[in-house]
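Below is one structure, written out as structure tokens; the observations come after it.
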Amino acid sequence: MPSKPKIKSMHHVHENQMAFDPASLGFPSILGCQAICFHTSRGLYGFHDLKSGSNQTMTEAEAGAAKLRTFANWVTGLFQHGEVGVALYGVINRDEQYNPDTAGNAEWKGVLLGLAGSLVFTGAVYGARITSHLEKKSSDKEKSVYVQFDLAGGNCRVGFKRWSKMSADFAHKVKPTVQNVVVLRGDTFQSEPLYGKGLVAPVVRQDPNKGFNLNPIALKQFFKFQ
């Protein structure tokens, strides 16, 4: 019988899901989404922001802002006495979300600062656009990336790996302790428990003999929006 693969201990945040972890958050298959992480004195809050489409009552921008307000409300509901924000991060993939020009970066900045406002957070807000290792890739699978945030000595480190080298292990799902999903009910977004049994597929390497070996995103590669 094959042995169970070693699963990295953290919360894996799939599309439209939110999670808290004191040390690490992983975001599978970021292509047209944004990996959002709010670093606080207690740990990391994350949201896998699937790019919103318009609906009968909201434009695309309005729907996106409403989802982030839902995330902010969820975060503040979990805040503990004395907990304070340290930094807010948004990581996107190439030009799949927000064009790499003045107007696109201004829109991206506005989105993250809007979230910071909902969090009542006045500290550092950063945005990173991943482009390396992806320029010559053709398929969405090859262009998509896995993004991970890790705390080390009070600092937040961010890294990525091409998603084609990773996989979600649906055969060995795990039950997270603090994880919800954002859903549209009528004309409003709400935070609800994870579907079904509340299980999440963790991320593993396609080659089980290799570690994650993430490509680091240095702080100098981030835009500082605030």
Here the FRET efficiency for Lys224 versus Asn155, based on Cβ atoms and R0 = 22 Å and rounded to 0.05, is 0.90
Ranked on Cβ counts within 10 Å of their own Cβ, fewest leading, Trp163, Trp74 go Trp74, Trp163
Within the set Val120, Val174, Val145, GNM on the chain using Cα springs under 10 Å gives the largest fluctuation to Val120
For Lys220, Lys109, Lys210, ascending order of other Cβ atoms within 10 Å (fewest first) is Lys220, Lys210, Lys109
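Counting other beta carbons within 10 Å of each residue's own, what order do His12, His81, His48 fall into, fewest first? Before the final figure, lay out the partial values.
Numbers: His12 29, His81 4, His48 26.
Going from sparsest to densest Cβ surroundings: His81, His48, His12.
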Read-out Cα extents along the principal axes in Å, candidates (1) 59, 42, 30; (2) 51, 42, 40; (3) 72, 38, 29; calculated match is (2)
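How long is the gain from Glu83 to Lys175 if the chain were fully straight, where each residue apart is worth 0.36 nm and the alpha carbon distance is subtracted? Don't skip to the answer; put the middle values down first.
On the way: separation 92, 0.36 × 92 = 33.12 nm, distance 2.54 nm.
Here the segment from Glu83 to Lys175 would lengthen by 30.6 nm.
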Sites removed, the longest contiguous part of the chain containing no DSSP-loop GluC sites (Glu not before Pro) with at most 14 other Cβ within 10 Å is 136-226
Per GNM of the chain with C-alpha springs under 10 angstrom, the most fluctuating residue out of Asn16, Asn215, Asn55 is Asn55
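Laboratory data are not the source of any read-out in this text; all were calculated from the coordinates shown. Just so we're clear, the structure is a prediction, and the values are computed from it rather than from any experiment. When we count neighbours, we look across all protein chains shown, and the Cβ atoms used for this are built from the backbone with ideal geometry, even at glycine.
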